[in-house]
Structures are given as C-alpha cells and as structure tokens.
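K.L.:
Could you have a look at this structure, given as structure tokens, before my questions?
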Amino acid sequence: MNIQETKEYLKKLSPSRKLILGFLLAILIGTILLMMPFSLNEGKNLSFISSLFTIVSAICVTGLTVVDTATVFSPIGTTIIIFFIQLGGLGVMTFSSILFLATGKKMTFHERELLKEERNADSSGEIADFIKKLLFIVFTIESIGAIILTMEFIDQMSFWKALYFGIFHSISAFCNAGFALFSNNLEGFKSNVVVNLTIGYLITLGGIGFAVITSFIAVIRNGVDRFNLTSKMAILISIMLTFGGMILFLLLEYSNPDTLGDLNFIQKILASYFQSVTLRTAGFNTIPLGNLRDATIFISCILMFIGASPGSTGGGIKTTTFGIIMFYVIGIVKKKENIEVFNRRIDWEILNRALAILVIGITYVAFIITCILVVESFPMEQVVFEVISAFGTVGLTLGITPHLSVFSKILIIITMFVGRLGPLTFALAIGESKNKAISKYPKENILVG
C-alpha cells in the first residue's frame, strides 16, 4: 500500500477508529522512548511490557504502575511520562490540532469531527475556538497549582527540584493521572492541608470537564443567568459523589488502625475528603489502601466506575451518564412519561446512549475480572478493585499491580485504553457499520421485572 492509498484508507475510517489509531501511535512512540537508557536511572532496566504498561497508564491518565516511578526513571524519563500525561489529558487529536493552529493551517472537516469525538462535544463547528480556550484554562490552572505545590515542597528539597516536583504533580493532578515522584505516593502529606486541598481542587477541576469550566467562566464574565444542562448535571452529581463518598469513607474507616484510626478528627475529615476526590479517577492516595475494609472497597469501586464528567481528563462511565439513568429511574417510580431534569425534557436517544455505556461498561469489566481471576490467586476484591480502577482510569491499587502475570498486565493495559477512550467509543470503533436498516420489524411487548 503506497502513501496515497494509505491516505485514502485513513480518510474512510470512522472518527472512532482514527482516534484509536492516534492513541496507538503515541503509545508506540512513548514505549520506545521509555526503554531508552537516558530514561532510566543508572543500574535500572525496564522490560517492554513494563514500559508499555507505564506509557499506557500515562497517556490514559490512569496512574497504575508496575515499577517505582520515583526510583526507576531518570529526570528525562519522568519528563517523558509527564509529557504523555499532558498529552493524554488534552487528548491526542486535541494536541494535534494545537500543531495545526500553531503553524497557521486550517482544520479540515474530518479533523474537526475527530476532535468532536475525542472531546465529547455536541458539534465540531467551534472546535478551534474551544481548543484555544482549553489551552488557556489548562495552563492557567496547572501553573497556579505548580506554584502552590512548589512553595510547599521547597522545605524538603532544593528550589529547582521543588519546582520540578510542583510542575509534575500539578499536571498529574489536573490530568487525573495519579503519578507521583514519591515512592509512597502522597502518604507523607496526609496531614498537609495545603497539599491535600491543592491536589484535591486540581483533580476536581480536571475531572469536572472543560465544558463546565467554560460555562462557569461565561457566567462570571458575561453575566449569563444559567449553566447549560450538561454543566448542571455534572456539578450536581459530582457534589453528591464527592461529599457522599467522603462521609461514607469517614464512617467506614473511622476506627480502622491501618487507615484513619491513628489520625485526629480534622485529619480524618481531610483524608476522607482527599480519598473521595481521588477515587473519581485521580489515583493519588494519602493513606495506605491495602487494608481498607470490604465495605469501603465496595463503595470505592462504585465511585471509580462512575468516574469523572464528560469532556474531562477522567474516565469511568461519566457523571452525566449516571445522572441520566438516575433521573430516568426516578421518573419511572413517579410514573412520568418523560425524563425530566432541571425543568427540561431529555431526548430518549440520550437515555439509549447512557444505557448502552452502562451495559457495555459492566459487561466488559465483568469479563476482564473473570479472565484475571482464572489465572491469578489474588482475593476477588483486590482483582475487582484493580480492574475497575483501570477501567475508570483511576490508578489506585490494593497492592497487586506489580505482581500480576504478563497476561493480566496486558488485560489491564487494554482496560486502561478502553476506559480512556470510553466504552461506547471503543465498541463503535469495533462494530461500526455504515449500513442503515431500510425497514422496521413489527413491535411486540415483553414482560420485565
């Protein structure tokens, strides 16, 4: 196949498939770079599977690791990791569009459609303007976070090292990646209010979605009297999950000596808040998670599966998907004819999409959990936690990641990839067909419940 035929073939691919190819190409490049001697500390080596796992975790903004990032990788290696975290947070096609804008080239319709697919936008007409706003928002938030964190780290290290650590952790937090340059993640800062709140707010802003942030800015700047429905839903569900998760974590782990038991009351609230926020696809932790109680693990899995908001740096089935299904169930109970949210009626097509995402997500996670349980001897709750963490691009673990077999690591790699792209996007890319039905079958009722 020559260059021209390749171009024609790529043009015929659907946006979903082009998006997958873009991510795969970036992953290949990153895997090779991370295996180079300049990416590793002296005396360290990295296998192909470990390099692949790390770079997929970075570009899929997950945070699961099979090696200690702090000790294995050189400054060049960690810079490569944070570059791919930023790339994954912005999105491969978003990053490509930045190059187009920087060189003065116009974006084609196909390129705008790719960006629409990746950013989960309603239309592709104003994508270029959205990208400019996105860059301004991202780098402003990350810069503020980096400055605050640098000032906190400077007491423990030199200025330049503190600055690098501040930048790294700010990007990692805003992109909901969860990579840390401390061997015990952020456990050494469990009592540090500034670090907890700064990282927490960076995670929240990154996970709430760029559309929500721009809506909020529009309300402040232009005096717009209301948020759009997506923003309202994302904010409502995010608040419910964050503070609901915090209260449940506090109650369930309050007397657990291995987690919150030895902390004073204020520290327990702070740690519970941080863990609730980070369970929404971030991957940082300030307390050891290996000895969480079973009930806490179960609640954590629910929070990780729901994940962040659409168009954000996070994964999961998304807050709005959960919200639509929740309001649909409420409508069924109240015997309403339509799905009503904030005095608006939701189209049934949106519910169909939400239900498809939920079913595909549950089915996929159940399949991967089953496969890993067949080949591994770890307790079921640890495997379930690991798989959902990968699917939700969370990055938290109960300690089994480095000890998984190669087969299980490959399954986790695929799961991180599926979680980053979104289960529906991935399913459409595999099963997409351009053939539309020209006839409809007769309707018939079926008993349920």
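K.L.:
Would you mind stating whether Ser158 is buried (at least 21 other Cβ atoms within 10 Å of the Cβ) and of a type outside the set (Val, Ile, Thr)?
P.N.:
no
K.L.:
Being surrounded by 14 or more Cβ atoms within 10 Å (Cβ to Cβ), polar (S, T, N, Q) and at pLDDT 90 or above is the filter here, so list the residues in region 230-268 that pass it.
P.N.:
Selection gives Ser238, Thr242, Asn256, Thr259, Gln267.
K.L.:
If you don't mind, another one. Being assigned to a loop (DSSP other than H, G, I, E, B), closer than 24 Å to Cys175 by Cα and of a type in the set (A, V, I, L, M) is the filter here; which residues of region 19-66 pass it?
P.N.:
Of everything in region 19-66, those that are assigned to a loop (DSSP other than H, G, I, E, B), closer than 24 Å to Cys175 by Cα and of a type in the set (A, V, I, L, M) turn out to be Val61, Leu64, Val66.
K.L.:
Any idea which of (1) closer than 25 Å to Ser57 by Cα; (2) part of a helix (DSSP H, G or I); (3) modelled with pLDDT under 95 is the one Phe168 doesn't satisfy?
P.N.:
Phe168 satisfies every listed condition except (3).
K.L.:
Still on this structure, please answer the following. Which residues, taken from region 177-196, are in a helix (DSSP H, G or I) and hydrophobic (A, V, I, L, M, F, W, C)?
P.N.:
Phe189, Val193, Val194, Val195
K.L.:
Separate question: Among the numbered criteria (1) over 15 Å from the mean Cα position of the chain (by Cα); (2) within 20 Å of Phe284 (Cα to Cα), which one does Ile324 miss?
P.N.:
Failing condition for Ile324: (2).
K.L.:
Taking the stated definitions as given, is Phe243 over 22 Å from Cys301 (Cβ atoms) and in a helix (DSSP H, G or I)?
P.N.:
Here the answer is no, as Phe243 does not meet what is asked.
K.L.:
Got at least one residue in region 120-138 being at pLDDT below 85, of a type in the set (Val, Ile, Thr) and closer than 24 Å to Thr393 by Cα?
P.N.:
Looking through region 120-138, at least one residue is at pLDDT below 85, of a type in the set (Val, Ile, Thr) and closer than 24 Å to Thr393 by Cα.
K.L.:
If you check Thr62 against the conditions, is it in contact (Cβ under 8 Å) with a residue 60 or more places away in the chain, surrounded by fewer than 20 Cβ atoms within 10 Å (Cβ to Cβ) and not hydrophobic (A, V, I, L, M, F, W, C)?
P.N.:
Taking the combined requirement at face value, the residue does not satisfy it.
K.L.:
Okay, moving on. Just to confirm my filter: which helices (runs of 4 or more DSSP H) fall fully inside region 272-388 and include at least 1 residues that are loosely packed, with under 14 Cβ neighbours inside 10 Å and charged (D, E, K, R)?
P.N.:
Once the helices (runs of 4 or more DSSP H) in region 272-388 are filtered for at least 1 residues that are loosely packed, with under 14 Cβ neighbours inside 10 Å and charged (D, E, K, R), what remains is 294-306, 348-375.
Let's see how each residue does on (1) modelled with pLDDT of 90 or more; (2) over 24 Å from Ile357 (Cβ atoms); (3) aromatic (Phe, Trp, Tyr):
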residue: Met380; (1), (2), (3): yes, yes, no
residue: Leu396; (1), (2), (3): yes, no, no
residue: Thr401; (1), (2), (3): yes, yes, no
residue: Thr415; (1), (2), (3): yes, no, no
residue: Ala429; (1), (2), (3): no, no, no
residue: Ile438; (1), (2), (3): no, yes, no
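Residue-wise test of (1) in contact (Cβ under 8 Å) with a residue 24 or more places away in the chain; (2) β-branched (Val, Ile, Thr).
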| site | (1), (2) |
| --- | --- |
| Tyr254 | no, no |
| Leu292 | yes, no |
| Gly314 | yes, no |
| Thr319 | yes, yes |
| Ile324 | yes, yes |
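K.L.:
Pairs please, first residue from region 393-418 and farther than 20 Å from Val61 by Cβ and part of a helix (DSSP H, G or I), second anywhere and hydroxyl-bearing (Ser, Thr, Tyr) and modelled with pLDDT of 95 or more, Cβ atoms under 8 Å, 6+ apart in sequence or on different chains.
P.N.:
none
K.L.:
Going through Gly392, Gly316 one at a time, which residue ends up being of a type in the set (Gly, Ala, Ser), at positive phi and either modelled with pLDDT of 90 or more or within 18 Å of the chain's Cα centre (by Cα) (or both)?
P.N.:
Answer to the check: Gly316.
K.L.:
What do you reckon, is Gln267 closer than 15 Å to Phe189 by Cβ, in contact with a helix residue (DSSP H, G or I) (Cβ under 8 Å, 6 or more places away or on another chain) and in a helix (DSSP H, G or I)?
P.N.:
Criteria not met by Gln267.
The values are calculated or read from the model by the stated rules, or taken from the named source; none is laboratory data. A quick note: this is a predicted structure, and the numbers were derived from the prediction, not measured. So basically every Cβ, Gly included, is an ideal-geometry build from the backbone, and we count neighbours across all protein chains shown.
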